[in-house]
Amino acid sequence: MKIQHQAIQYAAKLLSEGKLVAFPTETVYGLGGDARNETAIQKIYQIKKRPTTNPLIIHLSNVTAMENFATHIPDAAYQLAEQFWPGPLTLVLKKKPDVSTWVTGGQNTVALRVPAHPVALSLLNEFGGGIAAPSANRYTEISPTHFSHVQNKLGKDLDYILDGGPCSIGIESTIVSMVEALPVILREGHIKKEDISHCLGCETKTNQKDSAIHVPGSALKHYAPKKPLYIVPAKEILSTLNQLRQRDYSCAVLSFESTKQKLKNNIDLIWIGLAADPLIYAQHLYAALHELESGPSHCIIVESLPSSEDWSAIQDRLSRAATQPMSLNFVPV
Ligand code: TXA
Ligand code: MG
């Protein structure tokens, strides 16, 4: 406990000096910098290799800190914050004039969230201000859910990484815009559309492509391993494996555990089986993709997911990780 407290004090000191610190949240690890320090924010974009038009989420220690960064906050935003914070929900609100457009990617709105991870909350309390933090991965790559993912991919570029163990939720927060008459889901996550509607007693919309709300991070290719990733139904896994093998491509497979038991037999390849429960699957998905990406195979086959609503946020991440259009012709890396 004492060591962790010293680590948090050290990390907060680095942040106040304009340095960058990666830290665990309940969703994924974040790459944090002082939200009021433009030089720190610019460094985040550089390290992530992310376009500067793609804004960052500011992490806060409590609900009232929203007022330091947002203005014209509707009652509904307070209701959501009271119900779901600390937790995996990000609210997009009108920004205060003194919030740097570096953080907001040039937009007049700001994304805010109070994370639930105890290490993140201790860091926020110790630091005292807002911490701007995107997921601690390079642009379009797989988000980190373990300390080692950050260490392996960004370790050389960071001043410090706080270790908080594996993330319990495993996919990024739900993002809800509160700047229109009705709430609009900009990114799906653990907190569902019906949770928002139920809390507010109103309809919740899903962002449409032609909407006035600009969601810079909704690029089709995202969360992707560096190898081709194909999503196929269970009954096509073996035939797809065969087709790829005929071209001398080695594969690794991610499927449900039950499918692995049924199909793997004596096939000699890396095959990860995950539970057919969306909460557990989400928790382990990115770790599985990191493992398959760093393994020896040329490509990754992932079993397709059920089409029900409770898999929707995971389906969103997986489809962005997949090679599109799905062509089995590729040049191995
Ligand atoms: O769970 C999470 O949200 C993690 C942890 C670290 O908190 N963070 C995260 O950040 O996923 P990032 O930067 O990887 O994704 C944030 C998304 C981006 O797609 C960004 O474009 C969008 O939030 N965003 C940020 N500010 C926005 C704004 N003002 N309007 C619309 N979208 C915004
Ligand atoms: Mg990200």
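Taken together, the values in this text are just the output of simple stated rules run on the coordinates, not laboratory data. It should be emphasised that the depicted structure is a prediction, and the values quoted were computed from it without experimental measurement. Using ideal geometry, Cβ is built from the backbone for each residue, glycine included, and neighbour counts are taken over all protein chains shown.
Starting from the Cα of Lys19, draw a straight line to each of the lysines and keep only those under 20 Å, dropping any in the same chain fewer than 8 residues away. Here the lysines satisfying the reach criterion relative to Lys19 are Lys43, Lys48, Lys49, Lys153, Lys156. Taking 29 Å as the straight-line reach from the Cα of Lys193, the lysines in range (excluding those fewer than 8 positions away in the same chain) are Lys94, Lys95, Lys96, Lys205, Lys209, Lys221.
The aspartates and glutamates within cross-link reach of Lys13, meaning a Cα-to-Cα straight distance under 13 Å and a gap of 8 or more places when in the same chain, are Asp34, Glu126, Asp159. Using a simple charge model, +1 on the beta-carbon of Lys and Arg, -1 on the beta-carbon of Asp and Glu, nothing else, what dipole does the range 1-141 show about its Cα centre, in debye to the nearest 20? The calculation lands at about 440 debye. Farthest towards the positive end of the charge dipole of the range 36-116, among the residues Thr53, Pro115, Ala70, is the Cα of Thr53, using unit charges on the Cβ of Lys, Arg, Asp and Glu. The trypsin sites (Lys or Arg not before Pro) found in the range 240-282 that occupy coil by DSSP, while having at most 14 further C-beta atoms within 10 Å, are Arg247. Projecting label points 7 angstrom from Cα along Cα→Cβ for His72 and Glu257 puts them 5.0 nm apart. With contacts taken as Cα pairs under 8 Å and at least 6 residues apart, the chain reaches a relative contact order of 19 percent.
Relative to the longest principal axis of the Cα atoms of the chain, helix 278-294 runs at roughly 70 degrees. Looking at the range 127-191, the GluC sites (Glu not before Pro) that sit in a DSSP loop and have at most 13 other Cβ atoms within 10 Å of their own Cβ are Glu180.
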